[in-house]
Amino acid sequence: MSVTNLEKLQSLDSDEKLEFLAEFIGNWAGIESRNGSYIYDLTICKEGFAYGTMRWEDFIEWDDDRVADVAKEFLQWLNASD
(Lines give C-alpha, C1' and ligand atoms only; values in the text may rest on other atoms or scores of the structure.)
Protein backbone atom coordinates (compact mmCIF):
# COMPACT_ATOMS: atom_id res chain seq x y z
CA MET A 1 0.00 0.00 0.00
CA SER A 2 1.45 3.32 -1.02
CA VAL A 3 1.68 6.27 1.34
CA THR A 4 0.23 9.61 0.26
CA ASN A 5 2.18 12.84 0.53
CA LEU A 6 -0.24 13.97 3.25
CA GLU A 7 0.54 10.85 5.27
CA LYS A 8 4.26 11.43 4.76
CA LEU A 9 3.88 15.04 5.89
CA GLN A 10 1.95 14.03 9.00
CA SER A 11 4.63 11.54 10.02
CA LEU A 12 7.48 14.07 9.95
CA ASP A 13 8.78 16.31 12.72
CA SER A 14 8.59 20.11 12.33
CA ASP A 15 11.96 20.58 10.62
CA GLU A 16 11.36 17.66 8.27
CA LYS A 17 7.90 19.02 7.40
CA LEU A 18 9.42 22.35 6.49
CA GLU A 19 12.07 20.69 4.32
CA PHE A 20 9.49 18.41 2.65
CA LEU A 21 7.20 21.33 1.77
CA ALA A 22 10.04 23.63 0.73
CA GLU A 23 11.35 20.97 -1.65
CA PHE A 24 7.92 20.55 -3.24
CA ILE A 25 7.32 24.31 -3.56
CA GLY A 26 10.84 24.90 -4.91
CA ASN A 27 10.37 22.22 -7.56
CA TRP A 28 6.93 23.54 -8.42
CA ALA A 29 8.28 27.09 -8.76
CA GLY A 30 11.26 25.97 -10.85
CA ILE A 31 13.81 27.27 -8.36
CA GLU A 32 16.23 24.44 -9.20
CA SER A 33 16.24 25.09 -12.94
CA ARG A 34 19.18 26.88 -14.58
CA ASN A 35 16.87 29.60 -15.87
CA GLY A 36 15.47 30.41 -12.45
CA SER A 37 11.90 30.84 -11.34
CA TYR A 38 9.07 32.53 -13.18
CA ILE A 39 7.45 33.53 -9.90
CA TYR A 40 8.02 37.02 -8.58
CA ASP A 41 6.86 39.16 -5.68
CA LEU A 42 5.71 42.63 -6.63
CA THR A 43 7.29 45.11 -4.21
CA ILE A 44 5.10 48.16 -4.98
CA CYS A 45 1.36 48.62 -5.34
CA LYS A 46 -0.15 47.01 -8.42
CA GLU A 47 -1.71 50.30 -9.53
CA GLY A 48 1.72 51.05 -11.02
CA PHE A 49 0.67 48.90 -13.99
CA ALA A 50 -2.13 51.36 -14.85
CA TYR A 51 0.19 54.37 -14.65
CA GLY A 52 2.99 52.79 -16.63
CA THR A 53 5.47 53.25 -13.81
CA MET A 54 6.27 49.58 -13.29
CA ARG A 55 9.95 48.68 -13.63
CA TRP A 56 11.81 45.39 -13.59
CA GLU A 57 13.35 46.42 -10.26
CA ASP A 58 9.86 46.38 -8.72
CA PHE A 59 9.86 42.57 -8.82
CA ILE A 60 11.84 40.09 -6.74
CA GLU A 61 12.32 36.60 -8.14
CA TRP A 62 11.53 33.74 -5.76
CA ASP A 63 14.58 32.00 -4.32
CA ASP A 64 15.19 29.33 -1.68
CA ASP A 65 14.60 31.85 1.13
CA ARG A 66 11.22 32.90 -0.26
CA VAL A 67 10.21 29.27 -0.73
CA ALA A 68 11.15 28.55 2.90
CA ASP A 69 9.00 31.51 3.99
CA VAL A 70 6.01 30.20 2.03
CA ALA A 71 6.48 26.70 3.47
CA LYS A 72 6.65 28.13 7.03
CA GLU A 73 3.50 30.19 6.49
CA PHE A 74 1.70 27.15 5.07
CA LEU A 75 2.66 25.03 8.08
CA GLN A 76 1.46 27.80 10.41
CA TRP A 77 -1.85 27.84 8.54
CA LEU A 78 -2.16 24.05 8.80
CA ASN A 79 -1.60 24.21 12.57
CA ALA A 80 -3.95 27.16 13.17
CA SER A 81 -7.33 26.62 14.75
CA ASP A 82 -10.53 28.58 14.27
Looking at region 12-49, which of its residues are of a type in the set (S, T, N, Q) and part of a helix (DSSP H, G or I)? 14, 27
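Tell me, yes or no, whether region 17-31 has at least one residue that is in contact with a strand residue (DSSP E or B) (Cβ under 7 Å, 6 or more places away or on another chain) and free of Cβ contacts under 8 Å to residues at least 40 places away in the same chain.
no
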Sort out which residues of region 50-72 are free of Cβ contacts under 8 Å to residues at least 12 places away in the same chain and either touching a strand residue (DSSP E or B) at 6+ places or on another chain (Cβ under 9 Å) or part of a loop (DSSP other than H, G, I, E, B) (or both), and write them in order of number. 52, 53, 54, 55
Just give me the residues in region 64-82 being at pLDDT below 90 and polar (S, T, N, Q), in sequence order. 79, 81
Please work out which residue is farthest from residue 75 (Cα to Cα), limiting yourself to region 32-52 and to residues that are touching a helix residue (DSSP H, G or I) at 6+ places or on another chain (Cβ under 6 Å) and surrounded by 12 or more Cβ atoms within 10 Å (Cβ to Cβ). 44
Have a look at 66, 55 and point out the one that is among the basic types (Lys, Arg) and surrounded by fewer than 10 Cβ atoms within 10 Å (Cβ to Cβ). 55
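The values are calculated or read from the model by the stated rules, or taken from the named source; none is laboratory data. Predicted, not measured: the structure shown is a model, and the values here were computed from it. So basically every Cβ, Gly included, is an ideal-geometry build from the backbone, and we count neighbours across all protein chains shown.
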